[in-house]
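Here the structure is laid out as structure tokens; the discussion comes afterwards.
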Amino acid sequence: MTRDFVDSSASIPGPRGGVDGLADIAAAGGLHNYQLRLHAEYGPVVRFALPGAETAVSVADPVLLEATAKIDERPDKLFEFLAPLQESGNLQTIPEEEHTPWRRVLLSVLAGRRSHEAHFGQFVNLACGLADQWAEASSQGPIALQQNLSTLSLRMICEYALGSGTASPEQAEQIVSAFEDVLTEQLARLYHVEMPGTDEERAVRAQQALTYLRAVVDDVLAAHQSGAQQSDSSDLIAALADAGQSPARIRDTVLMTMLAAHHTTGVAISWTLYLLAQHPDAAERVAEELDRVLGDRLAPDYADLKHLTYLTMVLKESMRLYPPGPYGAREATEELHIGDYTITAGTTIFYPIWAVHLNPEYWPSPELFRPERFSAEESAARPRLAYIPFGVGPRSCEGASLATIEAELTLAILLRRFRFELAAEHPVVSIERFVLWAADDIWMNLTARQPVELC
Ligand code: HEM
């Protein structure tokens with residue numbers, strides 16, 4: 001382990017040079033890769049320079065991470081790019097006293113079994129619709145998984161969050177397309193991606209799309225408030241309204257939920273199919289489990305999911321190797337002791353999710369795909385924070401259980417219907433684009449496993 005940078009206040013090891021670290025991060029191919037390299041070179045606690053974070057410390061050891069697990073504050077600067085999408089304060093960085101009650105409402109819906117069951121049938125319809133399209137399209141050539149599966153997860157979250165607002169297929173399409181306009185513009189600005197049209201034309205288009213999305217939420221809210229629409233604990237907008245959240249905060253929540261749910265769930269499913277295509281034994285074992293649990297049905301019921309234990313292990317192992325969100329961040333609110341180091345209040349702390357998942361101390365041969373790591377016995381033998389695809393503590397992902405259900409049911413439907421084989425002419429390269437993304441998508445050739453019948 002190298003220790004070529006020693007700071008007088010903290011003695012945390014880290015690299016020299018680079019006034020702001022940006023050049024080093026770019027050379028490494030993104031922050032997630034950079035953190036991986038820093039931890040391999042300097043050990044589990046690393047200090048590095050980053051614009052917007054005077055002092056950044058990254059912690060890749062799950063036991064040491066416990067000291068940070070109660071922090072309820074994110075660094076403003078790192079998330080300010082999301083501020084233009086929010087009317088009532090940036091939900092990523094609102095203060096703890098506003099965040100805690102908001103999180104409680106969100107969890108009461110997103111993590112509740114009632115809402116999972118209520119939306120399950122519609123999720124199955126959407127996933128089966130995609131499988132039908134693929135059955136047709138696969139005779140023409142390979143399928144771009146990431147693009148298709150991100151759109152599927154966007155459709156699912158729109159249905160989930162907006163319910164009656166997506167009643168007609170035309171309106172559902174309009175909402176999906178408006179959200180994609182907003183997101184594409186946002187990501188293009190963040191990652192300096194060249195886009196067609198002038199800056200002004202794109203800004204106007206994105207603003208119109210945002211205004212339209214907000215109006216859709218207002219319509220759903222008005223229907224709830226007029227009593228025209230029945231609501232229960234599966235209804236996100238109704239729950240937020242009943243808890244006294246302002247209309248602006250409700251609009252922001254729906255938008256933030258769509259943003260948080262869209263690419264993350266889509267890439268989780270795509271990377272899982274990618275890994276299974278490279279591990280035919282595991283793919284065969286998933287197929288056998290699906291045959292056994294589903295019998296002659298093409299899609300699972302909600303109650304089937306808990307019997308798909310091997311598929312669950314495969315999904316977990318895929319999110320270990322390709323965590324959709326490759327890092328998280330907090331701001332230390334008071335002095336912290338992390339192992340031998342003292343971290344001062346105000347320090348930006350990174351959760352280098354990828355480096356935590358590849359830490360060889362807790363994951364032997366970490367690069368190997370081995371779903372058995374997630375058997376009950378092996379899981380129980382690891383520290384709690386060795387596996388953190390959904391983050392840590394009071395700002396961790398409220399959608400974790402919903403995302404898992406969406407991913408499992410979609411994988412069950414697709415793996416029951418098709419065999420997946422990587423298209424040789426399309427190499428797969430991971431890059432960070434807000435999520436851990438495949439630069440040129442993940443292209444697969446599909447063949448039917450089952451005689452094709454509609455779900
Ligand atoms: C496989 C899919 C998903 C993954 C891997 C994922 C991962 C994450 C991660 C790493 C964070 C940051 C956590 C932290 O800072 O500790 C996060 C935050 C969040 N996620 Fe997810 N997410 C997924 C799907 C979803 C879905 C489906 C929803 C909503 C329906 C959602 C809603 C949120 C929200 C609202 C936050 C902000 C949390 C807060 O600040 O309180 N996510 N997610």
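In this structure, does LEU311 turn out to be closer than 20 Å to LEU276 by Cα and away from the ligand (no atom under 14 Å from the Cβ)? It is true that LEU311 is closer than 20 Å to LEU276 by Cα and away from the ligand (no atom under 14 Å from the Cβ).
Summed over the range 149-172, the residues that are within 22 Å of the chain's Cα centre (by Cα) and either assigned to a loop (DSSP other than H, G, I, E, B) or not hydrophobic (A, V, I, L, M, F, W, C) (or both) give a count of 7.
May I ask you to list the residues in the range 149-176 that are more than 16 Å from the ligand (Cβ to nearest atom) and surrounded by 13 or more Cβ atoms within 10 Å (Cβ to Cβ)? Within the range 149-176, SER164, GLN171, ALA172, GLU173, GLN174 meet the criteria.
Number of residues in the range 347-356 that are in contact with a strand residue (DSSP E or B) (Cβ under 7 Å, 6 or more places away or on another chain) and not in a strand (DSSP E or B) equals 3. Tell me whether the range 214-224 contains one or more residues that are surrounded by fewer than 16 Cβ atoms within 10 Å (Cβ to Cβ) and over 20 Å from ASP181 (Cβ atoms). Yes, some residue in the range 214-224 is surrounded by fewer than 16 Cβ atoms within 10 Å (Cβ to Cβ) and over 20 Å from ASP181 (Cβ atoms).
Candidates are the residues of the range 235-274 that are over 21 Å from ALA223 (Cβ atoms) and surrounded by fewer than 22 Cβ atoms within 10 Å (Cβ to Cβ); the one that is nearest to the ligand (Cβ to nearest atom) is ALA260. Scanning the range 65-91 for residues that are assigned to a helix (DSSP H, G or I) and more than 22 Å from VAL45 (Cβ to Cβ) yields ASP76, PHE79, GLU80, PHE81, LEU82, ALA83, PRO84, LEU85. State yes or no: is ARG320 at negative phi, buried (at least 19 other Cβ atoms within 10 Å of the Cβ), among the charged types (D, E, K, R) and assigned to a helix (DSSP H, G or I)? Yes, satisfied.
A Cβ distance below 8 Å, combined with a sequence gap of six or more or placement on separate chains, defines the contacts here; from the range 155-174, residues that are within 22 Å of VAL105 (Cα to Cα) reach residues that are within 16 Å of the ligand (Cβ to nearest atom) and of a type in the set (Asp, Glu) in the pairs MET156/GLU406; GLY163/ASP235.
Using the structure shown, decide if PRO352 is within 22 Å of TYR274 (Cα to Cα), surrounded by 13 or more Cβ atoms within 10 Å (Cβ to Cβ) and either within 21 Å of the chain's Cα centre (by Cα) or touching a residue at least 12 places away in the same chain (Cβ under 8 Å) (or both). Taking the combined requirement at face value, the residue does not satisfy it.
The residues of the range 135-154 that are farther than 27 Å from HIS224 by Cα, of a type in the set (A, V, I, L, M) and in contact (Cβ under 8 Å) with a residue 12 or more places away in the chain, listed by number, are ALA135, ILE143, ALA144, LEU145, LEU149.
When each of ALA277, ALA209 is tested for being within 22 Å of LEU130 (Cα to Cα) and either touching a residue at least 12 places away in the same chain (Cβ under 8 Å) or surrounded by fewer than 19 Cβ atoms within 10 Å (Cβ to Cβ) (or both), the lone residue that passes is ALA277.
Within the range 403-422, the set of residues being under 16 Å from LEU275 (Cβ atoms) and more than 16 Å from the ligand (Cβ to nearest atom) comprises LEU415, PHE418, ARG419, PHE420, GLU421, LEU422.
Taken as a whole, the condition of being within 16 Å of the ligand (Cβ to nearest atom), out of contact with any Pro (no Cβ under 6 Å at 6 or more places or on another chain) and on the phi > 0 side of the Ramachandran plot applies to GLY391. Note on the range 330-346: among residues that are part of a loop (DSSP other than H, G, I, E, B) and within 16 Å of the ligand (Cβ to nearest atom), the one that is farthest from GLU54 (Cα to Cα) is THR333.
When the range 420-434 is filtered for residues that are of a type in the set (A, V, I, L, M, F, W, C) and within 16 Å of TRP354 (Cα to Cα), the ones remaining, listed by number, are VAL429, ILE431, PHE434.
Each row is one residue, and each column tells you yes or no for (1) of a type in the set (S, T, N, Q); (2) within 12 Å of GLN245 (Cβ to Cβ); (3) out of contact with any Gly (no Cβ under 7 Å at 6 or more places or on another chain); (4) at pLDDT 95 or above.
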site	(1), (2), (3), (4)
ALA83	no, no, yes, no
GLN86	yes, no, yes, no
THR93	yes, no, yes, yes
THR100	yes, no, yes, yes
ARG104	no, yes, yes, yes
LEU107	no, no, yes, yes
HIS116	no, no, yes, yes
PHE123	no, no, yes, yes
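Checked against the criterion of being under 30 Å from THR342 (Cα atoms), out of contact with any Asp or Glu (no Cβ under 9 Å at 6 or more places or on another chain) and in contact (Cβ under 8 Å) with a residue 60 or more places away in the chain, the candidates ALA56, ALA131 yield just one match: ALA56. On inspection, ALA188 fails the criterion of being buried (at least 21 other Cβ atoms within 10 Å of the Cβ) and over 30 Å from GLU421 (Cβ atoms).
Within the group ALA386, ALA448, ALA400, ALA438, which residue is in contact with a Phe, Trp or Tyr (Cβ under 8 Å, 6 or more places away or on another chain), touching a residue at least 40 places away in the same chain (Cβ under 8 Å) and away from the ligand (no atom under 16 Å from the Cβ)? Checking each option against the conditions leaves just ALA448.
The values are calculated or read from the model by the stated rules, or taken from the named source; none is laboratory data. None of the values given here were measured: they were computed from a predicted structure. Glycine also receives a Cβ, built like all others from the backbone with ideal geometry; neighbour counts cover every protein chain displayed.
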